[in-house]
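A.B. asks: Provided herewith is a single structure, encoded as structure tokens, for subsequent inquiry.
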Amino acid sequence: MAPSATQTLLSPAELSYIHHSLSLSPPIRPDGRSPTEFRPLFAETDILPNTNGSARVCFADGSEAIAGVKAEVERSIARPGLDISADDDGEEERHGENAWVEMSIEIPGHRDDDALPVFLAAMLTEALLADSELKDRLWINRRFHWKLYIDILLLSPPSSYPLPLLSLTTHLSLLSTHLPALISDPADDPLFNDDWHSATPLYPPSSSTPPVTLLVTTIGETILLDPTPEELAVADAVLALSVAAPLPSKAKKGKGNPQARLLAIRTLDPPSRLTPLGTTAGPTEGAPPRTGMAWAPPQGGLKRELLSRVIKAVVAPGGGAEEVLAGLAGVVA
């Protein structure tokens with residue numbers, strides 16, 4: 001589990017007040033949002049000229065990140081005993097490898113080998129590789145492939161977990177990524193078209209889209225999407241859900257709006273575990289434990305029934321994932 005980037009400095013009385021407000025039905029969030037509403041953001045693509053794809057995302061709290069994607073042709077390593085089958089048309093099936101995607105994250109005040117950037121890069125890479133379509137798209141032929149280098153830079157010091165910001169920036173940079181069009185025979189050494197206007201998108205409009213990773217917190221029975229630092233400071237549990245849009249083939253066959261695909265889920269250590277214990281007055285003699293406390297850090301885990309509700313709130317039709325993915329699609333369109 002990655003450590004919290006910074007600790008929100010709130011008194012026990014403030015923590016107790018925020019926790020009580022978020023435990024109400026409906027909850028009262030510090031910024032007035034509904035439980036499943038995402039924070040407003042500004043996003044743009046194609047900001048770096050010397051990359052295959054790039055994006056910049058700014059949240060309303062001032063946090064900002066940019067991402068660039070570079071693609072290079074590499075020779076594939078021969079795998080002894082690997083059987084490359086062909087489909088009914090005689091074309092070789094595409095089988096990508098995890099090593100074809102490499103990601104690095106730079107965070108102000110952190111070394112490249114610190115726990116936070118390494119953990120965040122591992123989580124984002126895990127989500128990308130969980131959807132095997134990305135690495136299969138990098139296949140050129142049995143001897144050559146594309147290798148993607150995804151570099152992410154967090155321009156502002158992180159005030160809380162920067163995972164959603166970095167994930168949305170990566171998503172948009174991949175959506176804007178184009179690869180040179182192949183003009184040689186698929187079985188020969190690759191030769192590409194020099195005209196950038198003829199480049200093919202890594203994710204065509206009629207195909208699936210890259211995944212996004214969203215943070216969800218639970219406070220009692222309340223489920224909150226995209227928590228603020230103040231909400232993370234009183235959270236009972238924090239979950240990172242990596243989701244992707246439904247496959248176009250399933251969307252056409254099914255009736256109504258299909259739900260988003262859940263690719264990965266992780267629990268994070270909430271910053272609330274590090275908050276100080278506060279008491280209203282001295283403990284009464286003979287009173288049960290934790291009586292008279294203004295604030296006590298949460299203990300324990302997450303019940304299965306509440307976990308099921310969290311997943312449903314994110315991936316169900318009309319849920320948080322559908323709203324976020326639809327908004328990101330409008331940036332590239």
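A.B. asks: Provide the per-residue ³J(HN,Hα) series for region 263-272, in order, calculated from phi with Karplus coefficients 6.51, -1.76, 1.60 and θ = phi - 60°, each as a whole number of Hz, with x at glycine and proline positions.
C.D. replies: 9, 7, 8, 9, 9, 10, 6, x, x, 4
A.B. asks: Hey, another quick one. Let me know the charge dipole size of region 169-242 about its Cα centre in debye, to the nearest 20, where only the beta-carbon of Lys, Arg (+1) and Asp, Glu (-1) is charged. Don't skip to the end; give the middle numbers.
C.D. replies: Numbers: 0 positive and 10 negative charges, 23 e Å.
Rounded to the nearest 20 debye, it is 120 debye.
A.B. asks: State to the nearest 20 debye the size of the charge dipole of region 6-78 about its Cα centre, where the only charges are +1 on K and R beta carbons and -1 on D and E beta carbons. Display every interim value, and only then the final one.
C.D. replies: Details: 6 positive and 9 negative charges, 26 e Å.
For this selection, approximately 120 debye.
A.B. asks: Something else about it: Please report, in debye to the nearest 20, how large the charge dipole of the chain is about its Cα centre when each Lys and Arg carries +1 at its beta carbon and each Asp and Glu carries -1 there.
C.D. replies: So the magnitude is around 1120 debye.
A.B. asks: Given H placed 1.01 Å from N in the peptide plane, which residues other than close sequence neighbours of L202 have an amide H under 5 Å from its amide H?
C.D. replies: T177, H178, L179
A.B. asks: Right, here's the next one. If you rank Y149, Y161 by how much accessible surface each has, with a 1.4 Å probe, what is the order from largest down?
C.D. replies: Numbers: Y149 55, Y161 20 Å².
Result, largest first: Y149, Y161.
A.B. asks: Please report the carbon-and-sulfur percent of the accessible area for the chain; probe 1.4 Å, protein heavy atoms only, DNA, RNA and ligands left out. Intermediate values should be presented prior to the final figure.
C.D. replies: Working: 9090 of 16860 Å².
About 54 percent, which is the carbon plus sulfur part of the accessible surface.
A.B. asks: Let me ask you something else. For region 103-200, with the dipole built from +1 on Lys and Arg beta-carbon atoms and -1 on Asp and Glu ones, taken about the Cα centre, which of P190, S167, I150 lies farthest toward the positive end?
C.D. replies: In region 103-200, that residue is S167.
A.B. asks: So what is the diffusion coefficient of the chain in µm² per second by Stokes-Einstein at 10 °C and 1.306 mPa s, using a Kirkwood Rh over Cα pairs? It would help to have the intermediate numbers written out before the result.
C.D. replies: Details: Rh = 21.9 Å.
Stokes-Einstein gives a translational diffusion coefficient of 73 µm²/s.
A.B. asks: For the chain, the longest stretch holding no trypsin sites (Lys or Arg not before Pro) located in a DSSP loop with at most 15 other Cβ atoms within 10 Å is which? Numbers along the way, then the final one.
C.D. replies: On the way: sites that count: R111, R143, K255, R290, K303.
Longest site-free region, per DSSP loop and neighbour criteria: 144-254.
A.B. asks: What whole-number value in Å² describes the accessible area per residue of region 133-279 for a 1.4 Å probe?
C.D. replies: Dividing the accessible area of region 133-279 by its residue count gives 40 Å².
A.B. asks: Now a separate question. Just the accessible area per residue of region 9-65, please: how many Å² with a 1.4 Å probe?
C.D. replies: On the way: 3110 Å² over 57 residues.
For region 9-65, the per-residue accessible area is 54 Å².
A.B. asks: Once phi is turned into ³J(HN,Hα) by the Karplus curve 6.51 cos²θ - 1.76 cosθ + 1.60 with θ = phi - 60°, what whole-Hz value does each residue of region 101-109 show in order, with x for glycine and proline?
C.D. replies: 10, 10, 10, 9, 10, 10, 10, x, x
A.B. asks: As a test question: what accessible area, to the nearest 10 Å², does F38 have when a 1.4 Å probe is rolled over all protein chains in place?
C.D. replies: Surface open to solvent at F38 totals about 30 Å².
A.B. asks: For n ≥ 4 DSSP H runs only, could you compute -39500 (n - 2.57) per run for the chain, divide by its residues and tell me the 222 nm figure to the nearest 500? Mind dumping the intermediate values first?
C.D. replies: Values: 8 runs with 81 residues, N = 333.
For the chain, the value works out to -7000 deg cm²/dmol.
The values are calculated or read from the model by the stated rules, or taken from the named source; none is laboratory data. Keep in mind it's a predicted model, so treat the numbers as computed, not measured. Backbone-built Cβ (ideal geometry, glycine too); neighbour counts: all protein chains shown. Calculation scope for accessible area: heavy atoms of the full protein, side chains included, ligands and nucleic acids excluded. Shrake-Rupley method; radii C 1.70, N 1.55, O 1.52, S 1.80 Å.
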